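See below for the structure under consideration.
The values are calculated or read from the model by the stated rules, or taken from the named source; none is laboratory data. Remember, it's a predicted structure, so these values are computed and weren't measured experimentally. When we count neighbours, we look across all protein chains shown, and the Cβ atoms used for this are built from the backbone with ideal geometry, even at glycine. Note: areas computed on protein heavy atoms with side chains; ligands, DNA, RNA excluded. Shrake-Rupley method; radii C 1.70, N 1.55, O 1.52, S 1.80 Å.
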Amino acid sequence: MTDVNLDQTADWKRNDHRHYMHPFTDHKELGEKGGTRVITRAEGVYIYDSEGQQILDGMAGLWCVNLGYGRQELVDAAARQMQELPYYNSFFQCTHPPAIELSQLLSDLSPGQFNHVFFTGSGSEANDTQIRLIRRYWDLKGQPDRMTIIARKNAYHGSTLGGASLGGMSAMHEQMVMPVPGIEHIEQPYPFELGADLSPEEFGLQQARLLEKKIQEIGAEKVAAFIGEPVQGAGGVIIPPDSYWPEIQRICDEYGILLVADEVITAFGRLGEWFGSTHYGIRPDLISFAKGVTSGYLPLGGSLVGDRVADVVIASGGEFAHGYTYSGHPAACAVALENLRILQREKIVEKVKERTAPYFNERWAGLGDHPLVGEARSLGLVGAIEIVRDKDSRERFHKDQGAGPRCRDFCISNGLVMRAVGDTMIVSPPLIFGKEHIDELVEKAWKCLDLTQQSLESAP
Ligand code: PXG
């Protein structure tokens, strides 16, 4: 049990407010609302704050702590590696065992066309790497005019200049003086928001064909690649209809453009497969990964480079002028190796597919009966609920009423982390969730929806 020291907590909060600039945070508003919650420790699927509250982590940290907290093997792997070789680079004709072994294991675990890995420190850097690889590929192919990368609105591909430019977050674009040129966005496959009365099958095809339309508009000879998350995570767990991805694959094949799957969230078991691409039956040329590769214990990301690209970028010779100090960091690679071996040894991906996800999907769907819920959707171990004023018309609450943020605040004060994306509530629990955790998650979510409804009625 954490020692509860309220003076220390007040001190932390004060200094946090004074000195610590948080990611994606309105500090003025945060200060007015009483500041941050100080998380001091975690165990299994629970986090604990400095005031002694136990909170069920429905988000696996930030979509990453897939094995849960407190896995001693991961701690030992990091400590052993730090003792032996805490750092060395892979530039200048050097390498080291953890990076070699991890690239070999990732090649074994990924679909057959992947035999090379480029390591980065994060998902954003992984997507920046994809931009560099795509441009290098088309240059070497003698088609340098293939410059445009097509991405989607409301996609999240990171916060570096490249990642944010690929992403389709308008709030981020508004703050960017210089987005990377040559990136175009098409509308997303979001059935609840945009599907109107089309069948899921029809809507999926319609949204995929926006890619074809865009390619024709730009001119196929100028299009380099399409990038998408198999399931959009930060955008609100947007699960495309089954017809969507096969049609995207058909279009990429027909026009010869590269397909990039951003699997920063969906890789390593999240959708019940090692890669989300496998769930949707697509054959990407490049895959971005991060987060779950180390269960978040140390930062690591990368690009899986498919043979189509590797055969050109590597085999043509010449230097690929790209790399980071921490590309293939030994301690991060050692943790990733141990993390992936645990997933293999304990058959966690198989368990998610056969047991955990089916139970989660069934219980989560039950939230659709709540009067405030317009839709409860899930796939594998990601889920979303849409808060609405009217179930039939899907009418939303007024933005100023902040229905989603209210619900999120009720959740955390009732011991549950559930994120709000506008009025869409989302979860992505650790893959080690048991039935009892799913029951606790769903029961707390229902209770907090009740509290949200009461509060919207009493103070709209
Ligand atoms: N691609 C995807 C699909 C992601 O979800 C990134 C790239 C960038 O990864 P890094 O490691 O650079 O953060 C992400 C990250 C949220 C939230 O609010 C989601 C992410 C990051 C921060 C916040 O859900 N995803």
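Structure notes:
- Trypsin sites (Lys or Arg not before Pro) within the stretch 274-382: DSSP coil, no more than 15 neighbouring Cβ in 10 Å: K347
- Where GluC sites (Glu not before Pro) fall in DSSP loop in the stretch 283-367, at most 16 other Cβ within 10 Å: E319, E346
- Each of G272, V305, N154 was scored by the projection of its Cα onto the charge dipole of the chain, and the greatest displacement toward the positive side belongs to V305; charges sit on the C-beta of Lys, Arg, Asp and Glu.
- Within straight-line reach of K28, meaning a Cα separation under 17 Å, sit the following lysines at least 8 residues removed in sequence or on another chain: K13.
- For the stretch 353-424, the fraction of alpha-carbon pairs in successive 10 Å shells from zero, as %: 20, 47, 28, 4, 0
- Mean residue ellipticity (222 nm) of the chain, computed from DSSP H runs ≥ 4 via -39,500 (n - 2.57), nearest 500: -12500 deg cm²/dmol
- Percent of C-alpha pairs per 5 Å bin, the stretch 1-136, short to long: 2, 7, 10, 13, 16, 15, 13, 10, 9, 5, 1, 0
- Protein-only accessible surface at a 1.4 angstrom probe places the residues H116, H322, H370 in the order H116, H322, H370, largest first.
- Solvent-accessible area, 1.4 Å probe, carbon plus sulfur percent, for the chain: 52 percent
- Accessible area per residue for the chain is 44 Å², calculated with a 1.4 Å probe on protein heavy atoms, without ligands, DNA or RNA.
- Accessible-area rank, largest first, for M418, M169, M147, M178: M178, M147, M169, M418, with all protein chains present and a 1.4 angstrom probe.
- Antiparallel beta bridges, as assigned by DSSP with both residues in the chain, represent about 65 percent of the total such bridges.
- Sequence-distant lysines (8 or more away, or on other chains) whose Cα lies within less than 26 Å of K214: K141, K153, K222
- For the chain, the relative contact order works out to 19 percent when only alpha carbon pairs closer than 8 Å and six or more residues apart are counted.
- Sites listed here are chymotrypsin sites (Phe, Trp or Tyr not before Pro) in the stretch 1-79 whose DSSP assignment is loop and whose Cβ has at most 12 other Cβ atoms within 10 Å: Y20, F24.
- Span-rule helices in the chain, defined as complete DSSP H runs reaching 20 Å or more along the axis (Cα) with Kyte mean at least 1.0: none
- Cα convex hull of the chain - mean projected area over all directions, nm²: 22.6 nm²
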